[in-house]
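The values are calculated or read from the model by the stated rules, or taken from the named source; none is laboratory data. Nothing here was measured: the structure is a model prediction, and the numbers come from that model. Counting neighbours? That spans all protein chains shown, and the Cβs are built from the backbone with ideal geometry, glycine included.
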């Protein structure tokens with residue numbers, strides 16, 4: 001938390017209720033080699049009052065470290081669940097991409113086959129048309145051969 005907030009460690013510890021502000025001040029002063037004048041009459045009363053007020057606040061947050069650990073645990077579980085869901089979504093997306101690719105391949109093959117069948121139909125229609133024209137000529141030829149003389153006489 002200290003690294004994430006870039007706040008001094010003492011501030012973080014006090015804000016979490018793990019140590020009182022006077023206790024943090026006392027520890028910092030001792031690190032600097034200075035003693036706090038707690039024993040003097042006025043200073044002692046003030047110091048006691050500050051300690052009493054902050055210790056009341058500390059006792060109203062019982063188990064704050066435990067609560068923090070529970071929150072961290074819940075967040076860790078939520079993160080694990082989110083990662084699992086993300087992995088499942090990625091797998092589903094990959095499966096969908098593969099299915100789309102396979103469908104595109106089938107579509108391209110179907111379009112190619114449709115083109116081949118269209119060319120075959122066109123060729124057969126052209127052939128049928130030529131045969132129909134040839135059949136008509138044969139009918140004329142046969143009709144002329146069979147009825148040519150009679151038609152010629154009928155016209156006269």
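Just wondering, is there one or more residues in the range 38-50 that are modelled with pLDDT under 55 and in contact with a helix residue (DSSP H, G or I) (Cβ under 8 Å, 6 or more places away or on another chain)?
In the first step, residues of the range 38-50 are kept if they are modelled with pLDDT under 55; the result is 38-42.
Add one more test, that the residue is in contact with a helix residue (DSSP H, G or I) (Cβ under 8 Å, 6 or more places away or on another chain), and what stays is 38.
Yes, the range 38-50 contains a residue that is modelled with pLDDT under 55 and in contact with a helix residue (DSSP H, G or I) (Cβ under 8 Å, 6 or more places away or on another chain).
Which numbered condition in (1) over 30 Å from residue 12 (Cβ atoms); (2) in contact (Cβ under 8 Å) with a residue 24 or more places away in the chain is the only one that residue 106 fails?
Residue 106 satisfies every listed condition except (2).
Show the residue pairs meeting these rules: Cβ distance below 7 Å; 6+ apart or different chains; first residue within the range 1-19 and within 18 Å of residue 67 (Cβ to Cβ); second residue modelled with pLDDT under 85 and outside any helix (DSSP H, G or I).
12/1; 13/19; 17/61
With respect to residue 58, is the statement that it is over 53 Å from the mean Cα position of the chain (by Cα), assigned to a helix (DSSP H, G or I) and modelled with pLDDT under 70 true? Please lay out each step first, then the result.
Numbers: over 53 Å from the mean Cα position of the chain (by Cα): no; assigned to a helix (DSSP H, G or I): yes; modelled with pLDDT under 70: yes.
The answer is no for residue 58.
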